[in-house]
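Report on the following structure.
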Amino acid sequence: MARQPKKTVIAIDGPAGSGKSTVSKLIAKRLGLLYIDTGAMYRALTLKAIRLGVDLEDEGGLVELARSTDVELGYKYGKQVVLLDGEDVAGLIRTADLTNKVKYIARVPGVRHEMVRMQRRMGEKSGAVMEGRDITTVVFPDADYKFYLDADPEERAHRRFKELKESGSPITLEEINKDVIARDESDMKRSVGALKVADDAIVIDTTDLSVDGVVDEIMNKISQV
Ligand code: DC
């Protein structure tokens with residue numbers, strides 16, 4: 001039997017607020033590829049742990065939870081769905097409380113192992129634009145294209161502030177600034193799957209770029225490689 005051609009994987013990493021999600025969605029649409037938001041997977045598992053009252057300091061319990069959980073990403077009527085054991089939880093995983101708790105899940109090696117396994121399976125099946133923290137370094141180090149999006153912490157906090165203000169949240173810019181710094185710290189310092197720039201990733205500083213500007217830059221690089 002003829003071998004299936006290898007599916008295209010575009011891997012994108014970067015800190016919270018670097019513009020990864022917005023840009024990755026647009027790139028996926030342009031190229032007709034599946035968009036995979038790996039942060040949503042860690043968030044969905046965190047939701048399950050909270051719901052079941054699993055002790056977030058109990059690594060063994062969290063690994064067991066990850067092993068017995070199915071997280072799938074897809075689209076329904078043009079909107080992203082996050083299926084946690086079959087239930088769409090997309091609307092429940094972006095609260096401030098849950099965002100603060102993801103770090104307990106994301107730092108456990110056995111949990112990451114399960115997540116990476118699911119992510120590889122999804123990417124290999126259909127190709128994807130996959131974004132997260134460890135996609136270029138751990139999940140798909142041999143991806144066809146690898147990008148690292150960055151931006152100044154103040155700019156990232158501003159973007160988040162604007163988003164939250166528009167959704168009616170009373171949170172202050174100062175609180176968001178603190179949150180951005182704390183998330184960078186936990187993302188960059190965990191012992192496995194830490195956020196870092198892969199040697200062969202193309203780094204794009206989005207601080208002074210519009211969303212369209214970043215998309216154009218990525219599309220240009222893809223057509224040059
Ligand atoms: O991309 P996001 O902000 O929705 O991700 C939420 C958290 O999930 C983030 O703070 C760290 C974790 N995460 C991770 O550890 N590895 C990934 N590949 C994606 C997200």
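The values are calculated or read from the model by the stated rules, or taken from the named source; none is laboratory data. Small disclaimer: the values here were computed from a predicted structure and weren't measured. Here Cβ is always computed from backbone atoms with ideal geometry, including for glycine, and neighbour counts include all displayed protein chains.
Please work out if ALA198 is in contact with a Ser or Thr (Cβ under 7 Å, 6 or more places away or on another chain) and farther than 18 Å from LEU26 by Cα. Yes; evaluated as a whole, the condition is true for this residue. Would a scan of region 150-173 turn up a residue that is among the basic types (Lys, Arg) and under 14 Å from GLU131 (Cα atoms)? There is no residue in region 150-173 that is among the basic types (Lys, Arg) and under 14 Å from GLU131 (Cα atoms).
I need a count of the residues in region 210-225 that are in contact (Cβ under 8 Å) with a residue 60 or more places away in the chain and either assigned to a loop (DSSP other than H, G, I, E, B) or on the phi > 0 side of the Ramachandran plot (or both).
Residues of region 210-225 that are in contact (Cβ under 8 Å) with a residue 60 or more places away in the chain, as a first pass: 211, 214-215, 218-219, 221-222, 225.
Keeping just the survivors that are either assigned to a loop (DSSP other than H, G, I, E, B) or on the phi > 0 side of the Ramachandran plot (or both) gives 225.
Residues that pass the stated criteria total 1.
ASP97 satisfies every condition listed in (1) modelled with pLDDT under 95; (2) buried (at least 20 other Cβ atoms within 10 Å of the Cβ); (3) not basic (Lys, Arg) except (2).
From the set of residues in region 115-147 that are among the acidic types (Asp, Glu) and within 15 Å of the chain's Cα centre (by Cα), which is nearest to the ligand (Cβ to nearest atom)? Please lay out each step first, then the result.
Residues of region 115-147 among the acidic types (Asp, Glu): 124, 131, 134, 142, 144.
With the extra rule that they be within 15 Å of the chain's Cα centre (by Cα), the set shrinks to 131, 134.
Values: GLU131: 7, ASP134: 5 Å.
By that ranking, first place goes to ASP134.
Taking the listed residues GLU166, GLU155, the one that is more than 18 Å from the chain's Cα centre (by Cα) and modelled with pLDDT of 95 or more is GLU155, with no other qualifying. In summary, GLU185 fulfils each of the numbered conditions (1) surrounded by fewer than 19 Cβ atoms within 10 Å (Cβ to Cβ); (2) away from the ligand (no atom under 16 Å from the Cβ) with the single exception of condition (2).
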